[in-house]
1. Could you give log10 I(q)/I(0) at q = 0.24, 0.26 Å⁻¹ for region 56-95, computed by the Debye formula over C-alpha point scatterers of equal weight, without solvent?
2. Can you list the aspartates and glutamates whose alpha carbon sits under 19 Å from that of Lys61, skipping same-chain ones fewer than 8 residues off?
3. Carbon-plus-sulfur fraction of the accessible area of the chain, 1.4 Å probe, in percent?
4. For the chain, what does the accessible surface come to per residue with a 1.4 Å probe? Please give it in Å².
5. Among (1) 13; (2) 21; (3) 26, which one is percent of Cα pairs over 29 Å apart computed from these coordinates?
6. Can you give the accessible area of Asp102, probe radius 1.4 Å, in Å² rounded to 10?
7. State, as an integer percentage, the relative contact order of the chain based on alpha-carbon contacts under 8 Å between residues 6 or more apart.
8. Say we join alpha carbon atoms closer than 10 Å with springs in a Gaussian network model of the chain; which of Glu64, Glu84, Glu53 then has the biggest fluctuation?
Amino acid sequence: MIQFSIETHIERPISEVFRYATDPDLLATWQTNTVSAVEQGGGPLRLGSRLHEVHRAPGGKELESVVEVSEYEPDRTLGLRVVEGTPIHARMTFQPANGGTDMTFAGHGELAGPLRLAQPLMQRVLKRQFAKHCATLKRVLETTPPPS
């Protein structure tokens with residue numbers, strides 16, 4: 001089983017952090033291995049929305065996946081379940097804290113077949129990768145002027 005979480009404090013209001021972190025059009029600005037993320041049904045993200053994502057793996061190979069919004073509560077929670085691709089699901093929670101936002105990014109999943117043997121390594125790699133992504137999100141939001 002792969003399971004990890006990353007906690008990040010961001011000095012921005014919760015509505016701004018949630019809006020930015022959950023916008024597929026902005027995903028590549030903080031998840032730097034993202035090539036594209038497109039909402040398949042058009043319109044705003046909502047429960048049941050599906051995203052087609054392409055991420056660049058180490059070595060430059062592009063990996064495609066389809067993820068479904070499994071949990072959606074504005075300014076509180078976004079859950080994503082992989083329906084096609086590597087089954088590593090994600091859940092982001094947002095809490096107001098000290099004039100900013102505490103964000104928790106949690107990943108979990110289980111690899112099948114021979115890949116099961118790689119789960120301990122994958123967990124370390126994914127946790128390190130998403131810790132960098134969360135640090136990038138923090139930097140982007142804290143160094144960008146707030147919307148007027």
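The values are calculated or read from the model by the stated rules, or taken from the named source; none is laboratory data. Keep in mind it's a predicted model, so treat the numbers as computed, not measured. Here the Cβ positions follow ideal geometry from the backbone for every residue, glycine too, while neighbour counts run over all protein chains shown. The protein model used for the area step is the full one, side chains on, heavy atoms only, and it has no ligands, DNA or RNA in it. Shrake-Rupley method; radii C 1.70, N 1.55, O 1.52, S 1.80 Å.
1. -0.78, -0.83
2. Glu53, Glu84
3. With neighbouring chains kept in place, the figure for the chain is 54 percent.
4. Roughly 56 Å² per residue, with all protein chains present.
5. Checking each listed value against the structure points to (1).
6. The accessible area comes out at roughly 70 Å².
7. 31
8. In this elastic network of the chain, the residue with the biggest mean-square fluctuation among Glu64, Glu84, Glu53 is Glu84.
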